[in-house]
1. I want to confirm something. Restricting to region 197-214 and keeping residues that are aliphatic (A, V, I, L, M) and surrounded by fewer than 19 Cβ atoms within 10 Å (Cβ to Cβ), which single residue is farthest from LEU240 (Cα to Cα)?
2. Any idea which of LEU238, LEU251, LEU265 is surrounded by fewer than 18 Cβ atoms within 10 Å (Cβ to Cβ), assigned to a helix (DSSP H, G or I) and not β-branched (Val, Ile, Thr)?
3. I'd like the full set of residues that are surrounded by 22 or more Cβ atoms within 10 Å (Cβ to Cβ) and over 30 Å from the mean Cα position of the chain (by Cα), limited to region 52-78.
4. Do you know which residues across region 144-190 are farther than 21 Å from TYR133 by Cα and either surrounded by fewer than 16 Cβ atoms within 10 Å (Cβ to Cβ) or touching a strand residue (DSSP E or B) at 6+ places or on another chain (Cβ under 8 Å) (or both)?
5. May I ask you to verify whether ALA301 is touching a Gly at 6+ places or on another chain (Cβ under 9 Å) and without any contact (Cβ under 8 Å) to a residue 60 or more places away in the chain?
6. Criterion first (at pLDDT 95 or above and either assigned to a helix (DSSP H, G or I) or among the hydroxyl-bearing types (Ser, Thr, Tyr) (or both)) does HIS44 satisfy it?
7. Tell me, which helices (runs of 4 or more DSSP H) lie completely within region 72-170 with 1 or more residues that are over 26 Å from ASN46 (Cα atoms) and free of Cβ contacts under 8 Å to residues at least 12 places away in the same chain?
8. Can you tell me which residue in region 79-98 is surrounded by the fewest Cβ atoms within 10 Å (Cβ to Cβ), limited to those that are small (Gly, Ala, Ser) and closer than 12 Å to ARG115 by Cα?
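The values are calculated or read from the model by the stated rules, or taken from the named source; none is laboratory data. Here the structure is a predicted model, which means the values were calculated and not measured. Every residue, glycine among them, receives a Cβ derived from its backbone with ideal geometry; neighbour counts consider all protein chains shown.
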Amino acid sequence: MSEWFEAENHVERAHQFYEQGRWDDAVRELRAALASDPYQAEWHFNLALTLEAAGRHAEASRAFARVVELNPEDAQAALLAGVNALDADDASRAIHWLEQAERLAPNDPSSYIHRIRAYSRLGDHEQAETMFYLAQGLDPERADLYFEMGEALLDRRAFERALWCLREATRLDGTLPRLHARLAEAMAGTGRHERARQLYMRALRDDPGDLEVLLDLGDLLVQMGRLDEADEKFRRVLELQPDHIDAHFALGDLAARRGDLGTALRRFEVVLRLDAGYAEARRRVAGLILDGVHSGDTEPAQRLLRMDLRDFADTPDRFDDESLRQLVELLVDARLAREARPVARTLVERRPQDPACWHLLSVTLFLSGDLDEGVEAATRSIELDPRNFLAAHNLAYASLLRGCWVRARYWLRRGLAINPEDPGLRRLRSRIRLALVREMLKPLLRPIRGLLGR
């Protein structure tokens, strides 16, 4: 009996700690109570709620799952096990528990609503929309239903459809957390920048310390050309959180836009000190070094770019197409064309109809001394874009190296017809003329060489 009373005392102290926001102490007391009696579903439920409040969502999900084991008819615990799994970025586990919640409470649309986000996280957008329509059939007046679908559509950049959903959510309940911020994002995505700015400002009136909204507003102000205002928003983020990496990066980007490259470099270097794995910051630092902002040789830039190459070799899917393009260009500038070839080939595989990608591949091949493959890639580029005078330049130069004068002149004329003022083509024209003169003089020079040889 004394052991039972002691367990009850642990639970009572846990309630007190919970009310004071002392989550770790409350968790400790509840675990002590459960050590005495591990079959109390209510105590497991309280433990799960406390873990959820502490942001320990994976543990909370497991605790709610234990409640369901002890009480298989508890639909709310199954739902919360799924929601917390979702907050812990475990969408597959979330779907498992949300499906169980649906079986226990088939007329409650909540499990469908949360599965919109779960399926969206997994990239199964068709199934996410199915969940939306199933929930709508049960209760078409749930504001959170339209909010979740709006967020899923924002992730897909389907801004007009997202805007409709978020407006419906506003009509039903304009007090939903982050609703105005999401509306602003949708407005910005559809080009309604001023309206988006107003909505972001409204969201900040509700929560002046919302770092995500401050960053999003800053990005929007950059798009609107209001750089001083954007600067103020990013600095406000750093006032609230001095080590906020994205704010430092945004200020570096802002400095670069203003032409203050020294400040930009210092900002990006701060980002790398805070997170050496921030790939875009590595590329920005490397680019500034190669542009001569950093005194000394290019070895630091090469070292940074080789880190990107290792990341690419390990997880190429983490690099979007624009990141791959930037990496290839920087590697070429850093005289690492051979290392750039696999990156350029991956870019071509992803975008086989993009002439610019084929051109980049051809450049890496030419600079690596692989003329045959370089010619093939450049030819493919100019087939896709007949006005690509850069590809014509490279084909003319490759023909010159091979001694194919007629072919070299053909590609040169084609390039000049597109861009007669291009300095690279004009220099190449001089080289081809000089090479042709030498070729024509060879028969005349042979007898002279013979006489000199005597």
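1. Checking each candidate, the answer is MET201.
2. Result of the check over LEU238, LEU251, LEU265: LEU238.
3. Of everything in region 52-78, those that are surrounded by 22 or more Cβ atoms within 10 Å (Cβ to Cβ) and over 30 Å from the mean Cα position of the chain (by Cα) turn out to be ALA63, PHE64, ALA65, VAL67, VAL68, ALA77, ALA78.
4. If the condition is that a residue be farther than 21 Å from TYR133 by Cα and either surrounded by fewer than 16 Cβ atoms within 10 Å (Cβ to Cβ) or touching a strand residue (DSSP E or B) at 6+ places or on another chain (Cβ under 8 Å) (or both), then GLY174, THR175, PRO177, THR190 are the ones that fit.
5. yes
6. no
7. Hits in region 72-170: 125-138.
8. Looking at residues that are small (Gly, Ala, Ser) and closer than 12 Å to ARG115 by Cα, I get SER92.
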